[in-house]
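What follows is calculated from the coordinates using simple rules that are stated; it is not laboratory data. Just so it is clear, the model here is predicted, and its values are computed rather than measured. FYI the Cβ positions are ideal-geometry reconstructions off the backbone, even for glycines, and counts take in every protein chain you see.
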């Protein structure tokens, strides 16, 4: 793998399940750029087979440990599982700079489980795009379930979670009201609720609170055919993990039976298109630094133009290049 | 204020400090749309006077209380202060659904302090744009300092904080390592560090940890002429609040003296332009729902096009409208 491989060769190897090739493609997905684009474009037609599961919850909810347990439970059914940690506080992503890192050596030693962390610091802008490209790589490479672990706050991370077929929201007992409140925005996106650490004495209160909130109708079910369950798990005592894996499979089956899966795939495709458009815009923005961008910025600073009016001019400016590239890239995308 | 006011009249009144007009403009800033745009475009030339201060930190760090104390300290110097809470867990924004709400009645009764919360649930996409437009309204209306309170996670909220001249990052003792780690991404954006609740016995450890991290060079100062201080405050005992207000003023003075303020205003203008471009794109995206967008989405789902290639086509499609609107809007923006 030291030699320079063409995007075609790299994709070929990744599709065959060659781990170093997968790792290299994931690195490219993370960093972005036109080289990465070529490989990812080529790979894209092989995606669409994996069941993509988003697992979200505040730091301290124990979702990293839960994800590792869940991966093992799914693996036991013979499926290959990919884990993508885009959570800055996850031990997978090494973000827990002050806390203990959990070494998931038993997971790493199983070739049917692939763990990848995405750096969130320093490259926040490209986080969602990079994460979704990474899901494509794992999907195309034959991982039948991809678990995306993310802390449930912020537009980027909510976008990542919304790109999942099934979304699991993890709550934990005793994190305190203020910490729980941060989650309010993601409660409604849950297909499955999990209360982790259910071996704790105060878990029943959290389960009851959650059921009360749901019963109040504040968080309506998204799919008429699916009743959002509240599951209790304990990673420490290995409780509820298999039930969670079963619920995820049941949710997928329900999406298929009701036909809801088509709407969900549609929503995911739309969001990804918008994200990509944002990304193109940001790249163009960088290209114009010093030229047109600088002139427009000056006019914003002098209050001659509003940011909104300047943005319109910028969009106008970048159009020609985008059009040119569109036509140039047609033959390479076949 | 019940009668229908033109955007011109509304802006005129807001500039004169008329509170109901300010409130109405803030509502428009939050909801967006072309009516709001007209008023905000008109108002924009009157902005650029306020000192914009971002205050960020995890839920439970006590930043809401700190912000209210800080506002009073700044108000004591005779300046008008605006507070903008874009934090879903802030008692100002009413987001602390499970916790106690702090009633800031003494603040509300002072006409020199204006408090506004921005809803973050349901409208996450427009949060940053809406918040920055709201800052413009308060700035133009004569509030000499605008405090933006936000939880420091996610692209949107980091964008809001980065639009500030001075950024204060609040840490608190005893929130736990995992909770602190979430903050790792925002530590480096601090101009001033605050350790709140310094009356607690474990505050010294948090202060020492923070200084160690800074000393390790992990978080370099952004401005050569400014050494990022670590301040200890206690809202309960009214300690360190005046010192914080002084440090904020000193930071502003340092920006002015070093000339760094120009670079910072430039960065803010650039970010706002990009944000506005994103916003225009999202609006156009909605307009194409059912037409071109639907066709492109189908092609993404069938793996005929990548999201990236579809985004390029979409950008091409929206160009004509943007250009048309740009020319149509020239006369209304004079």
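Summary table
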{"item": "Per-q log10 I(q)/I(0), the stretch A:2-66, q = 0.13, 0.14, 0.26 Å⁻¹ (Debye; single scatterer per alpha-carbon; no solvent)", "result": "-0.48, -0.54, -1.11"}
{"item": "Pairs of Cα atoms farther than 15 Å apart, the stretch B:30-69, %", "result": "63 percent"}
{"item": "Exercise: per-residue mean of other protein chain Cβ atoms within 10 Å, B:296-305", "result": "5"}
{"item": "Residue-averaged beta-carbon neighbours from other chains (10 angstrom radius) around B:274-287", "result": "5"}
{"item": "Computed lengthening from residue A:298 to residue A:31, 0.36 nm per intervening residue step minus Cα-Cα distance", "result": "93.1 nm"}
{"item": "10 Å Cβ neighbours from other chains, averaged over peptide B:130-136", "result": "1"}
{"item": "Pairwise label distance in nanometres, residue B:77 with residue B:204, each label 7 Å out on the Cα-Cβ vector", "result": "3.2 nm"}
{"item": "Spin-label pair residue B:243/residue B:16, simplified geometry with 7 Å Cα→Cβ offset, distance in nm", "result": "4.5 nm"}
{"item": "Label-point separation in nm, residue B:283 to residue A:317, each point 7 Å along Cα→Cβ", "result": "2.0 nm"}
